[in-house]
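The block underneath contains the structure these notes are about, expressed in structure tokens.
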Amino acid sequence: MDLALLTRRSEYEWEIPRQGAMRVPAVIFASEPLIRDMDKKVYEQVTNVAMLPGIVEASYAMPDAHWGYGFPIGGVAAFDADEGGVISAGGVGFDISCGVRCLHTGLTRSHITAVEGRLADTLFARIPVGVGSTGLIRLSAEDMDAMLTGGARWAVERGWGLPRDLERIEESGQMLHAKPGAVSTRAKTRQRDELGTLGSGNHYLEIQEVTQLFDEQAAQCFGLRVGDIVVMIHCGSRGLGHQIGTEFLKQMAIDAPRYGISLPDRELACAPIASELGQQYLGAMRAAINCALANRQLLTHLVREVFAELLPQAALEVLYDVSHNTCKLEEHRIGGRTRTLYVHRKGATRAFGPGHPSLPDALRAVGQPVLIGGSMGTGSYVLAGNRQGESPAFSSACHGAGRAMSRHQAHKTWNGRQVVEELAARGIVVRSPSMRGIAEEAPGAYKDVSAVVDAAEAAGLARKVARLAPLVCVKG
Amino acid sequence: MSRWEHFPHGADVGVRGIGATKAEAFEQAALALIAVMADVATIEAREARPVECEAPDDELLLVEWLNAIVYLVAADKMLFSRFSVEIDGPRLEAQAWGERLDPPRHRPAVEIKGATYTMLRVAREGDSWIAQTVVDV
């Protein structure tokens, strides 16, 4: 990106001043090297989002921002329903409530060394992964609606988890005000046998080791010590969310003129929050959030079964579960008053700070765990939210490393088998049904996750707590 | 002269169909879509599925068409290797020939979440038509 297009507000904050049809300025959080490498499309997209009706404060992009659909991936924007604010299907994305769940195992590196290979093979055999895989349960129409209303709570009530898991999940495991009736038959058909599947693409399940702590107090609160083994699960709402995204994107694109919304890009398709279409999408999207929460709960159950067999001394406890493709109704202090806003985070993670009322007692003093997935060869991070009022972008942070190269280019550049062998030589065991999928997800196709996280911390978006390194990766 | 190709997008893949007619370009774009998931040469045209869709303009129709194929792949667990498309104004009618997904043989790389409106274009260029968009994987 050309730095001449931007006004530097501070070392890690770059503004695109309000101009033309922009209603608010756009702000990108990044270090100078990250912003130089950032796709010019991020500039266009973050500027376009600033033109949407009812947008509040600014259109934001996180340090891992890259070219998305309408919104940049790594985009954050909040809208006020009382000021004609909109809700955008593109601003949430196709994989509604895609997110990360982190599980403690209660084990350290020495416990798993001897069984690492078997652990990888057993997880790969038991976790439905890759194209066309199906889950262990097939949902009836009644079960489907109950799942879409109840989320992870529904799964726990069915015996797939522990009641205490729920307090470590956003929304206590259940997104309220979901409308299963707003979800089409096609979306439900697509999901019929996909619950409890990992998916493909950038989704994964990893066994990771805590290798470094940055904030001892927060790490202690999160129960993380150097050498600890955790499980990290990255996946979303599967076919149901994809179909809801597809259908509402189209309807919003067709109906936008009827609502008097002129779109700088058709992909920004949106509807007034107060409109019937806006409310239908909101209800369907919330149902998809429940689907993602239930999905990660079922996967947690499968992981627990595998550990119970191979490492019975393990006790898998949820550290946290946070989504990075959502639109949520939240209260924020803006210009000295509290406003209720619809906050879109597309490839961005909520990062509530210490004292936030939605956090469970055990986490309230430290703040919300912010789970950042890197690429399979590098590492992941656990961050914590900063105190509200001190945290910009409506308490949001980055979500991952962000791609540096297209799948097309990665597929041409790397050979999947070679990537697996190179990682194996570095002690990382990879299992995947697709070698081409591995090539497309090669570590080199991603930005440096450490540079992204360092920029997020320096910009005040969140603070670093721990770094994790992968040992086993089951890749979709 | 009909053919398909992929083009790069930041995080995902662009699919482009080129043909003598708009319908042929749509057929080729669907092949490009399937090729994101698996090698088309491994897919046998054993059974047909009818597809019908409708949209207010050519570009939205392309997205509808590709998303109809994405749906069939996901809901019926099928892959396709041959398409026959007829377009009449806002309406599209087609047959898609393929077979049930067989992972060991088809070795699918990735599933497609949906066709997007990014770099979406349906247009005549000289003697041929092109139909393209980016798909989210």
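Coordinate-derived values only; no laboratory data. Worth saying up front: this structure is predicted, and the values here are computed from it rather than measured. Here Cβ is always computed from backbone atoms with ideal geometry, including for glycine, and neighbour counts include all displayed protein chains.
Quick note on region A:144-189: its Rg to Rh ratio, both from C-alpha atoms and Rh being the Kirkwood radius, is 1.03.
With no solvent and one equal point scatterer placed on each C-alpha of chain A, evaluate the Debye formula and give log10 I(q)/I(0) for q = 0.06, 0.09 Å⁻¹, two decimals. So the normalised log intensities work out to -0.23, -0.54.
Annotated for the protein assembly as shown: lysine pairs at least 8 residues apart or interchain, Cα distance under 16 Å, count 10. Remark: region B:3-136 is approximated by an ellipsoid whose semi-axes, taken from the C-alpha gyration tensor as √(5λ), come to 22, 17, 13 Å, largest first.
From the residues B:Ala32, B:Val70, A:Ile229, which one has its Cα farthest along the dipole of the protein assembly as shown in the positive direction, the dipole being from +1 and -1 charges on Cβ of Lys/Arg and Asp/Glu about the Cα centre? Result: A:Ile229. Neighbour counts of other Cβ atoms within 10 Å put B:Thr118, A:Thr189, A:Thr211, A:Thr113 in the fewest-to-most order A:Thr113, A:Thr211, A:Thr189, B:Thr118.
For region A:325-451, the convex hull spanned by the alpha carbon atoms encloses 142 Å³ per residue.
Based on Cα atoms of region A:139-282, Rg over Rh with Rh as the Kirkwood radius reads 1.06.
Counting beta carbons within 10 Å around each of A:Cys473, A:Cys398 and listing the fewest first gives the order A:Cys473, A:Cys398. Temperature 20 °C, viscosity 1.002 mPa s: under these conditions the Stokes-Einstein estimate for region A:1-81, based on its Kirkwood radius over C-alpha pairs, is 175 µm² per second. Only Cα sites of region A:316-360 enter the Debye sum here, all with the same form factor; the resulting log10 I(q)/I(0) across q = 0.20 1/Å is -0.81, listed in q order. Between A:Ala362 and B:Asp127, what FRET efficiency follows from the Cβ-Cβ distance if R0 is 60 Å, with the result rounded to 0.05? In this case the efficiency is close to 0.30. Shape class for region A:113-165: oblate, because the ratio a/c of the largest to smallest gyration tensor axis (alpha-carbon atoms, square roots of eigenvalues) is 1.5 or more and b/c is at least a/b. What residues of region A:216-240 lie in the reach of a label at A:Gln313, counting those whose backbone N is under 15 Å from a point 7 Å from the Cα along Cα→Cβ? Label zone hits: A:228-229. Projecting label points 7 angstrom from Cα along Cα→Cβ for A:Ser262 and B:Arg91 puts them 3.5 nm apart.
How high is the FRET efficiency from A:Arg18 to A:Val115, r the C-beta distance, R0 60 Å, rounded to 0.05? So, using R0 = 60 Å, E works out to roughly 0.55.
Once you order the gyration tensor axes a ≥ b ≥ c over the Cα atoms, which shape class does region A:231-314 get: rounded for a/c under 1.5, otherwise prolate or oblate by comparing a/b with b/c? Verdict is prolate for region A:231-314.
Full extension of the chain segment joining A:His177 with A:Arg36 gains 46.6 nm, where the gain is 0.36 nm per residue of separation less the Cα-Cα distance. Ignoring the sites themselves, what is the longest stretch of chain A with no trypsin sites (Lys or Arg not before Pro) in a DSSP loop and at most 16 other beta-carbon atoms within 10 Å? Segment A:226-386 is the longest. DSSP beta bridges confined to chain A are antiparallel in about 90 percent of cases.
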